[in-house]
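Written below as structure tokens is the structure these notes are about.
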Amino acid sequence: MTNTLLLTAEYEEKFWPEHPRVCGIDEAGRGPLAGPVVAAAVVFPRYFRPEGVLEKLNDSKALSPERREELAEAIRNTAEAVGIAVVDHLTIDRLNIFRATMLAMNRAAESLAVPPSFMLIDGNRFTPHLPVPWMTVVRGDAKVFSIAAASVMAKTHRDRLMKAYASQYPDYGFERHFGYPTKQHIQAIVRHGRCPLHRRSFRLRELDEK
């Protein structure tokens, strides 16, 4: 599906006259039963125009893994700054997933090499740490170029982490489902129990009924 706003970064243009460093922020990993939540923040140069492979940028969930990796490299080579933050499963259990996600998003923005002057965040809720103006955008990963870029960066980073974890916990298939509650993942948990990477605060009916 083609989205003109994504291809032209038209959404950011509304803010560039007053805010030279518009930052898009998104996360990956709110729904899985295991592993961290990862957030990314991306700032493109002012009045940036997508070219080449970046013209194919879209919500990371609508892209193949190969396309996401290709786009992630192009984003790193083109963006003015990229920040990535990882909040582990222990912190998720301690804070809850919403607060952990807010923490990851804020850390991603704080880690940028250049401070943002305006932040566009995917979703409808945000708890900012930085004294920077911001706005949430529902389904922003499918509407706003910089948020879509952050979505790709967060997703590819988290997928690499989960593939690495798969070698430590080979019974669970993390390299295939990345911790999401697929049928195969749930069956593995029922068979082997939870591994140290699983989020204990996420209830699983199949275990609760045993």
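We did not get these values from a lab; they are worked out from the coordinates using the rules stated. Just so it is clear, the model here is predicted, and its values are computed rather than measured. No Cβ is skipped: glycine too gets one built from the backbone with ideal geometry, and neighbour counts run over all protein chains shown.
Roughly what angle does helix 145-168 make with the longest principal axis of the chain, taking Cα atoms, 0 to 90 degrees, to the nearest 10?
In the chain, helix 145-168 runs at an angle near 30 degrees to the longest axis.
If I fit a long axis through the Cα atoms of helix 183-192 and take the longest principal axis of the Cα atoms of the chain, what angle between them do I get, 0 to 90°, rounded to 10?
Tilt of helix 183-192: around 40 degrees.
Can you tell me which of ALA34, ALA113, ALA150 moves the most in a GNM of the chain? Springs connect C-alpha atoms under 10 Å apart.
ALA113
Taking 0.36 nm per residue of sequence separation and subtracting the Cα-Cα distance, how much length would be gained by fully extending the chain between GLU110 and SER201, in nm to one decimal? Don't skip to the answer; put the middle values down first.
Working: separation 91, 0.36 × 91 = 32.76 nm, distance 2.73 nm.
So the chain would gain 30.0 nm between GLU110 and SER201.
So how far apart, in nm, are the two label points at ASP93 and PHE126 if each is 7 Å from Cα heading toward Cβ?
If labels sit at ASP93 and PHE126, their model points lie 3.1 nm apart.
I want to verify a result. In a Gaussian network model of the chain, Cα cutoff 10 Å, which of these has the top mean-square fluctuation: ILE97, ILE189, ILE121?
Its mean-square fluctuation being the largest, the pick is ILE189.
Please give the Cα centre distance for the range 16-62 versus the range 122-200, rounded to the nearest Å.
If we compute the Cα centre of each part, the gap is 15 Å.
What number, rounded to the nearest 500 deg cm²/dmol, is the helix-based mean residue ellipticity at 222 nm of the chain, given -39500 (n - 2.57) per DSSP H run of at least four residues and division by all its residues? Walk me through the numbers before you get to the answer.
Details: 9 runs with 86 residues, N = 210.
Roughly -12000 deg cm²/dmol at 222 nm, from the helical runs in the chain.
Could you tell me what percent of the DSSP beta bridges with both partners in the range 33-153 are antiparallel, to the nearest 5?
Antiparallel bridges make up about 65 percent of those DSSP assigns within the range 33-153.
Compute a Gaussian network model of the chain, connecting alpha carbons closer than 10 Å, and tell me which residue from ALA108, ALA74, ALA154 fluctuates the most.
Comparing ALA108, ALA74, ALA154 in the GNM, the peak value goes to ALA74.
Over the range 4-208, what is the mean sequence separation of C-alpha contacts under 8 Å (at least six apart), divided by residue count, expressed as relative contact order in percent?
Once divided by the residue count of the range 4-208, the mean separation gives 31 percent.
For helix 97-110, report the angle its Cα long axis makes with the longest principal axis of the Cα atoms of the chain; keep it between 0 and 90° and round to the nearest 10°.
40 degrees
About its Cα centre, how strong a charge dipole does the range 4-208 have in debye, to the nearest 20, once Lys and Arg get +1 and Asp and Glu get -1 at the Cβ?
Roughly 740 debye for the range 4-208.
If the reach is capped at under 30 angstrom between alpha carbons, list the lysines near LYS143, excluding any in the same chain fewer than eight residues apart.
Straight-distance partners of LYS143: LYS14, LYS56, LYS61, LYS155, LYS163.
Binning at 5 angstrom from zero up to the longest distance, how are the C-alpha pair distances of the range 4-208 distributed in percent?
1, 8, 16, 20, 18, 14, 10, 7, 4, 2, 0, 0
Less than 11 Å Cβ to Cβ from SER201, Lys/Arg counted +1 and Asp/Glu -1: what total charge do the surrounding residues give?
+3
So in the chain, what percent of DSSP beta bridges are antiparallel if you round to the nearest 5?
65 percent
Given a Förster distance of 30 Å, report the FRET efficiency between ARG176 and GLU13 from their Cβ-Cβ distance, rounded to the nearest 0.05.
0.15
Roughly what would the spin-label model give for TRP134 and LYS163, points 7 Å off Cα along C-beta, in nm?
Placing both labels 7 Å beyond Cα along the Cβ direction yields 3.0 nm.
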